[in-house]
Each structure stands twice: as C-alpha cells, then as structure tokens.
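Just below is one structure, and these are the notes that go with it.
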Amino acid sequence: MKKTAVILALLVMGITQAQVQEQKAVVPQISVTGEGKIKVVPDQALVTVGFQNTGKDAKEVKTLNDEVVDKVIKFLKKSGIPATDYKTNNVSLGKNYDYEKKKYNFQANQTLTIALKDLSKYDEIMMGLNDAGINNIQGVEFKSSKMEEHEREARKKAMLNAKQKAADYVSVLGQKVGKALLITDASNVYFPQPMYKGNMMAMATEADAVRETLAIGEIEINTTVSVTFALE
C-alpha cells in the first residue's frame, strides 16, 4: 500500500513539473540587459601607509618602529582623527642576508590604515605622517559617505533601462512588456586612484609652496541587471 502511494505521489509530481515546464515554454518572453550608472565625487578616503627600519640588532629596529608608531598615533589624535578610524594592518620583523656585504641585518615593517572622513585634511595629514616617520604610501581608496544611497539609485536606473529596452524591441511587434520573470543583478564599483605630483619626500621639500598633491576624480557605480520579461 505504501509502495503504491509513493508511486502515485511521484507520478503527480512528474505531471506537475511537466505542466510547469510546458507553461514556461509557451509564455512569450524577452531577455534584456539594463545598465544603471552613477558618478559621484568622493568625500572620504581610506589611506594605507607604512614604514620600515633596518639595523644590525632586532631590538634596535623594533624600538625604532615603536617610536614611529608612537609619533603617528599622537599626531593622529592631535589632528582630531578618532581612534576607531585608524588601525595597524601588519607588523613584521625579519632577518635578511646582505650578499654584497656578506652579513645579516634585521628589518622591521609596519603598515597602518587611516579612514580620512574629511578630504580637506588630506595634505595636512600626509605631511604630518611624513614628519612622524611614515615613508611609504601603499594605497589611497576613495569612498562616498552615501554609497548605499547611490547604489540603490543605480539599481533603479538599471531596471528602468532594461524595461525601456524591452519596450523598444517589442513595440514594432504590437506587443507589450509584462511582468518580470527573472532578474539577475551584478554590480561593479570603480574606486579611482590618486594621481601624485611626487612622493612623500618630494612633498616634504615643497611644504612652503602652493601645491595640489592629488586628483580625486569620481567614483563610478555601475550596476548591470539581466531581466526576462513576459510579453503580453
């Protein structure tokens, strides 16, 4: 009896799936791709900087690095950067062999990331970091404080673009665009990199000159959506 019930259930399930597939096959539909693009001027930056010291003694180079960290943190506090907006990313202390001098030395490295929420302070912060002992800019990533809002707007534009494309295609056929059957979304955000007029040491030597040290550019939020519409 149980065996018969299972067989009947499988038959019903098979018939139902076949009906669904048949309905999908006969529904006129169109698939298009829509694009939503938003360009915004960033108002924040994520700055990654680093420094290193080399010497004959491990304790010596670590002490030198600790001194730099102390100066950097004191400078950031004095500049009004909250403690939650900067952190240490990486700390390393290694022993290297100098093949030319045929002897070992020690190298200590450290990197920090600073969330700069006021871009007008960029020059001031970078010069202060240089004075504190930072000698390497590893990267600057521009951001917007309203990123989620801009992303939502880009998604809406992408859907409107897809619907308009579908309407354009079927208008010559005397048909109309119906409900969406399938939506596939993919987003891509481009973060511009700064264009420097010189490295940190060059910036330090020109401290008294009027300068522009980077071109911010724009953040491009590009959302692509693939939509399958039913046709009426």
Please sort by residue number the trypsin sites (Lys or Arg not before Pro) in the stretch 96-179 whose DSSP state is loop and whose Cβ has at most 16 other Cβ atoms within 10 Å. 101, 102, 117, 146, 176
By the scheme Lys and Arg +1, Asp and Glu -1, what is the net charge of all other residues having a beta-carbon under 13 Å from that of residue 183? +3
Below 20 Å, Cα to Cα, which lysines can residue 117 reach? Residues fewer than 8 away in the same chain don't count. 39, 74, 77, 78, 87, 143, 146
Among the aspartates and glutamates, which have Cα under 15 Å from the Cα of residue 157 when same-chain residues fewer than 8 positions away are ignored? 35, 148, 149, 185, 220
So which aspartates and glutamates can residue 62 reach, going by Cα to Cα under 15 Å and dropping same-chain residues fewer than 8 places off? 70
Multiply the residue separation of residue 77 and residue 228 by 0.36 nm, subtract the distance between their alpha-carbon atoms, and state the gained length in nm to one decimal. 49.0 nm
Around residue 34, under 13 Å between beta carbons, what's the net of Lys plus Arg minus Asp minus Glu among the other residues? +3
If you build the convex hull over the alpha carbons only and average its shadow over all orientations, what do you get for the stretch 44-143? Give it in nm² to one decimal. 6.7
DSSP loop (so not H, G, I, E, B), at most 11 other Cβ within 10 Å: list which chymotrypsin sites (Phe, Trp or Tyr not before Pro) in the stretch 79-142 pass both filters. 99
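Every number in this text was worked out from the coordinates using simple rules, so none of it is lab data. This one's a predicted model, so the numbers in the text were calculated from it and none came from an experiment. Please note: Cβ atoms are built from the backbone with ideal geometry, for glycine as well, and neighbour counts cover all protein chains shown.
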